[in-house]
Amino acid sequence: MCGIVGFVGRRDAAPILLEGLSKLEYRGYDSAGLAVRDSTGNFEVVKAKGKLKELFDKTDSGKALHGTMGIGHTRWATHGEPSETNAHPHISGMDVKDSDIIGVHNGIIENYMEMKTKLLRKGYKFYSDTDTEVLVKLVDYYYKKYKCPPCEAIAKTMVRVKGSYALAVMFKDHPDEIWAARKDSPMIVGISDNETFIASDVPAILKYTRNVYYVDNMEIACLKEGSAEFFTIDSEPIEKELVEITWDTEAAEKGGYEYFMMKEIHEQPRAILDTLNSVIKDDGDSKKIDFSGIGIPDEDIKNISQIYIAACGSAWHAGMAAQYVIEDLARVPVRVELASEFRYRKPILDKNGLVIIISQSGETADSIAALREAKEKGVKTLAIVNVVGSTIAREADYVLYTLAGPEIAVATTKAYSTQLIAGYLLAIQFAYVRGMIDDEKYAYYISELYALPDKIEKIFETKDKLQWFAAKFVNVHDVFFIGRNLDYAVSLEGSLKMKEISYAHSEAYAAGELKHGTISMIEGGTLVISVLTQPELFDKTISNMSECKTRGAYLAAITAYGHYDIEDTASFVSYVPTADPHFMGSLSVIPLQLLGYYLSLARGLDADKPRNLAKSVTVE
Ligand code: G6P
């Protein structure tokens, strides 16, 4: 998500910055920009919406800009639509000439509105919708207020802002220095003879050097020609070890993972946390969901008579899960439909209804058509979308963004996980506003959501066991996934993951439905994977598993720690931590994603680019 490159040396910086940014294209972006400091000490800034080619063209491949120091950025919109104004670098003033500080940033500043209000009071003016502009202006504010060195101004800013960031800034009156800081967003510093680089990822600078320093959390760096110094937040110097990169560029882009899909599976805890933090505000005493950014008034939430969810693929599966959770918590009837069906069945929609469209890309043709159908019928629409400024985000009445960041692997993992979170957030807030849950329950559900990222990290510790299991079933022909209620919703996603990337035939069934036909397919050795996370339905699903076992099926199960009696029935069990039952899908889906991935790997397939599939389906 977003990419940073910085350079200080003796050659012109712009071509190096552009080359570095092109190596970060894989991270996804919608606009780009760079700033170079020329020999007179002035900053020159060029930005462009769209592909990097625009920036190459605008700068004659960098040749039009002269200066041996600069910073560049590819932006993937989170605050404010993709546009030239919102693209980085951002400046401390309203005009480049009047600006003393210029910077680029990756990550999300969670309290940027609070900081913006403070700066507005101090007389600062803003030209963009970004949290980054706030960050740069905050550095400027402290720099001038305390007349302190850059390191201190950055440290004071770090103390005030909440969220994640990799920040690179240039100060007009500190020629030949680039300053950087980091919290929860990766950043490296590369060194070669008389040249120093900064980047959010190794591929950006591999062409120039293999010697890097990894900047750690809450550290500040000062880059000069051929050297770098590191400091704590208290301006104490830090000794760092220079590391030699031995990987090639392609491996570096994947952060050491064999496939993007695995990288994205591991990004899920962070993506969930970012999505939660984007709408949950901490007022000191308690955490509250704040939908003011989405724009849906409480009065409208109270009046919703019926919810219709329309989506495709995994987004539809996320909708299935949302249906169970919203109905149970908020007691509003929910109907979930495939967007391709919804659009043509002449839906009868209640005028007080709410149509929710879920889409990672925001560009899926059927989902767009479903949205337009709802709007034509005069019903309010809410989009759960990952890509800022996409068609669905622009056309819906309200937008709840997931903050999964760009997804490269065709088979979705982290976007799906954040869609689940969006569904929970709606369920909890709708329940609260409609008086279905009290303050205590509200606080409990929110704390359960915040516990999910660490629990997912724990599941990653069971990866080896899942890989072993996938290898054992490398030649499997038919797989059935079964579960009830929320476990059924997650089974649908587990089955889709498996068929998408391993090409094994798999189906998901509501466990109680097996007897009505599908059980005739079960024979000696058929693999049946059951999901059992709903305490009330545990025994019911065990009965359905037993029915399969008597017909020769091999039983595998995903359940929570503590349910060890499952081993009387299932031959293979993958345990996940316990959470409130409404949110267990966020945990049980992880072993299912890993199983699909490892089966694909065991079969020697390309997990990132499965045959016949597209990441964004923009045709019917
Ligand atoms: C394609 C992708 C799926 C995705 C579906 C819906 O089929 O391969 O992973 O779930 O489209 O895409 P959307 O962008 O609308 O979520």
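The values are calculated or read from the model by the stated rules, or taken from the named source; none is laboratory data. Everything quoted here is computed from the prediction, not taken from an experiment. Cβ sites come from the backbone with ideal geometry, for glycine too, and all protein chains shown count toward neighbours. Note: areas computed on protein heavy atoms with side chains; ligands, DNA, RNA excluded. Shrake-Rupley method; radii C 1.70, N 1.55, O 1.52, S 1.80 Å.
If you filter region 311-360 for chymotrypsin sites (Phe, Trp or Tyr not before Pro), then keep DSSP loop positions with at most 13 other Cβ within 10 Å, what is left? Here the chymotrypsin sites (Phe, Trp or Tyr not before Pro) that fit, given the DSSP loop and packing criteria, are 344. Accessible area per residue for region 463-602 is 36 Å², calculated with a 1.4 Å probe on protein heavy atoms, without ligands, DNA or RNA.
Once fully extended, how much extra length lies between residue 505 and residue 290, figured as 0.36 nm per residue of separation less the alpha-carbon to alpha-carbon distance? Don't skip to the end; give the middle numbers.
Working: separation 215, 0.36 × 215 = 77.40 nm, distance 4.28 nm.
Length gained, residue 505 through residue 290: 73.1 nm.
A simple rule links phi to the HN-Hα coupling: the Karplus curve 6.51 cos²θ - 1.76 cosθ + 1.60 with θ = phi - 60°, which for region 512-519 gives x, 8, 3, 4, 8, x, 5, 4 Hz, with x for Gly and Pro.
Residues whose amide H comes within less than 5 Å of that of residue 30, counting only those at least five positions distant or on another chain, are 75, 76, 77 (H built at 1.01 Å from N in the peptide plane). Between region 349-426 and region 531-603, the C-alpha centres lie 30 angstrom from each other. Which entries of 97/172; 263/472; 147/240; 287/380; 47/97; 97/137 have Cα-Cα distances beyond 22 Å here? Where the Cα-Cα span goes over 22 Å, the pairs concerned are 263/472; 147/240; 287/380.
Of all chymotrypsin sites (Phe, Trp or Tyr not before Pro) in region 98-169, which ones are in loop regions per DSSP and have a Cβ with at most 16 other Cβ atoms within 10 Å?
126, 127
Using packing as a proxy for protection, rank 42-53, 515-526, 200-211 so that the peptide with the highest average count of other Cβ atoms within 10 Å comes first. If you can, show how the numbers build up before the last one.
Details: 42-53: 17.5, 515-526: 12.6, 200-211: 21.8.
Per-residue mean Cβ counts within 10 Å order the peptides as 200-211, 42-53, 515-526.
Averaged per residue, region 260-458 has 35 square angstrom of accessible surface, using a 1.4 angstrom probe with ligands and nucleic acids left out.
Remark: the residue 216-residue 250 segment gains 9.9 nm on full extension, using 0.36 nm per residue and subtracting the alpha carbon distance. With the convex hull drawn around the C-alpha atoms of region 3-252, the volume per residue stands at 106 Å³.
Within region 260-458, the proportion of Cα pairs with more than 26 Å between them is 27 percent. Mind checking the log10 I(q)/I(0) for region 378-527 at q = 0.10, 0.11, 0.12, 0.16 Å⁻¹? Debye, one equal scatterer per Cα, no solvent, two decimals. Taking Cα atoms of region 378-527 as identical point scatterers yields -0.53, -0.64, -0.75, -1.15. Mean silhouette area of region 370-424, derived from the convex hull of its C-alpha atoms and averaged over all directions, reads 4.1 nm². Output needed: percent of Cα pairs per 10 Å distance bin for the chain, bins running from 0 to the one holding the longest distance. Going from the shortest bin to the longest, the percentages are 3, 16, 25, 24, 18, 10, 3, 0, 0.
What does the highest-first list of 397-409, 256-268 look like by mean Cβ count within 10 Å?
Values: 397-409: 22.7, 256-268: 20.7.
Order by mean packing, descending: 397-409, 256-268.
What part of the accessible area of region 260-458, given as a whole %, is carbon or sulfur when the probe is 1.4 angstrom? Intermediate results must be reported in sequence, preceding the final value.
Numbers: 3320 of 7030 Å².
Solvent-exposed carbon and sulfur of region 260-458 make up 47 percent of the total.
Averaging Cα coordinates gives a centre for region 113-137 and one for region 160-231; these two points are 24 Å apart.
Can you list which of the GluC sites (Glu not before Pro) found in region 448-508 are DSSP loop residues with at most 12 other C-beta atoms within 10 Å?
Numbers: sites: 448, 457, 461, 493, 500, 507; in loops: 461.
When the GluC sites (Glu not before Pro) of region 448-508 are filtered for loop state and at most 12 Cβ neighbours within 10 Å, 461 remain.
Computed per residue of the chain from DSSP H runs no shorter than four, each worth -39500 (n - 2.57), the mean residue ellipticity at 222 nm is -11000 deg cm²/dmol.
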